[in-house]
1. When PHE70, PHE62 are ordered from fewest to most other Cβ atoms inside 10 Å of their Cβ, what list results?
2. By what distance, in whole Å, do the Cα atoms of region 92-152 stretch along each of the three principal axes, largest value first?
3. Around SER137, which amide H atoms from residues at least 5 apart in sequence, or from another chain, sit under 5 Å from its own amide H, with H modelled in the peptide plane?
4. Grab the beta carbon distance between GLN104 and LYS151, set R0 = 35 Å, and tell me the FRET efficiency rounded to 0.05.
5. Could you tell me which of the pairs LYS61/LYS120; LYS33/LYS120; LYS33/LYS172; LYS73/LYS130; LYS61/LYS168 are separated by over 20 angstrom between their Cα atoms in the structure shown?
6. Taking the Cβ of LYS37 as the centre, find all other residues whose Cβ is under 15 Å away and add up their charges (Lys, Arg: +1; Asp, Glu: -1).
7. Mind jotting down the three principal axis lengths of region 13-170 based on Cα atoms? Whole angstrom, largest first.
Amino acid sequence: MKKVLVTSLLFMSTLSLAYDIQKNLPVNYDIVKANGKSVALLGNQIELGDTAPDFRVVNDKFSLKTKADFAGKPLLISTVPSLDTGVCSIQTKRFNDEVENLPQDVVMLTISADLPFAQKRFCQAEKIDKLMTLSDSVWRDFGMNYGLLIKDMGLLARAIFVISPDDKIVYKEVVSELSEQPNYDAALEALRSISEQQMDDSEESLAGVTEEQAKKNDNL
C-alpha cells in the first residue's frame, strides 16, 4: 500500500511540473480538428529534415525510455489519443500486423498518454506483441517536444513520424481530423525506404573495407 501511495505521489508531482511547463509552450490552432472544430496543440512543430527531438516516456513497468534507446535504427512512431478508442485500436493493430512484413532492423513504437497499466491491458487483450507501446502520461514530454499535446486534455494528436538511423525526420503526418486514420501505406513505404538505404550503405561500406584490405595484402 505504501509503495502504491509513493508511486501515486511521484506521478502527481511530475504531472504538476509538466503542466507548469506547458504554460510557456507555443499553441497551434490550425493543424488538427475534432468533429470539424479546431483543436489547440501545444508544443513546437517539427518539419521534415529536422533532427528528431529527444523524448522521455515510460514502458509498462514505468521504466524510462528515451529516443537514445532506439538510436541507429529505422524508427516509426505512431501516436494515438487513447488505445481504448476505435480508430486508435485499429491504427495500433494495423502497425502491429505490418511488423512481420518489414525488414528486421526496423523499430515500431506506439505512444499515447494512456497509463502504462491501461496500455498493458490493451496489448494483452488485442495480442499486440510485435511493436512497443510507450506512455507519455508521466511528463507529457513527447507531446510537448513533437507539438502534439492537446491543450486541456493531456492527450496526443494522431500522427506518424518516421526517423532515419541518422536521426532525421524523413516522414511526418499529423492527421488533420482526429477521428480519421493515417496514411498507413505512405508511412510504411518511408520506413522501408530508409531501411533499404541503410542496408545499401552497409554493403558499400563493407565493400570498401574489403577492397582496402585487398590492396594492403597486395602490397605485402
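What follows is calculated from the coordinates using simple rules that are stated; it is not laboratory data. Keep in mind that this is a model prediction, so the values were computed, not measured. Quick reminder, even Gly has a Cβ in these numbers, built from the backbone with ideal geometry, and neighbours come from all protein chains shown.
1. Final ranking by Cβ density, sparse to dense: PHE62, PHE70.
2. 37, 24, 15
3. VAL58
4. Computed FRET efficiency for GLN104 and LYS151: 0.35.
5. On the way: LYS61/LYS120 9 Å; LYS33/LYS120 29 Å; LYS33/LYS172 17 Å; LYS73/LYS130 16 Å; LYS61/LYS168 29 Å.
Violating the 20 Å limit, Cα to Cα: LYS33/LYS120; LYS61/LYS168.
6. On the way: positive: LYS33, LYS151; negative: ASP30, ASP152, GLU177, GLU180.
Combined, the nearby Lys, Arg, Asp and Glu give -2.
7. 41, 35, 35
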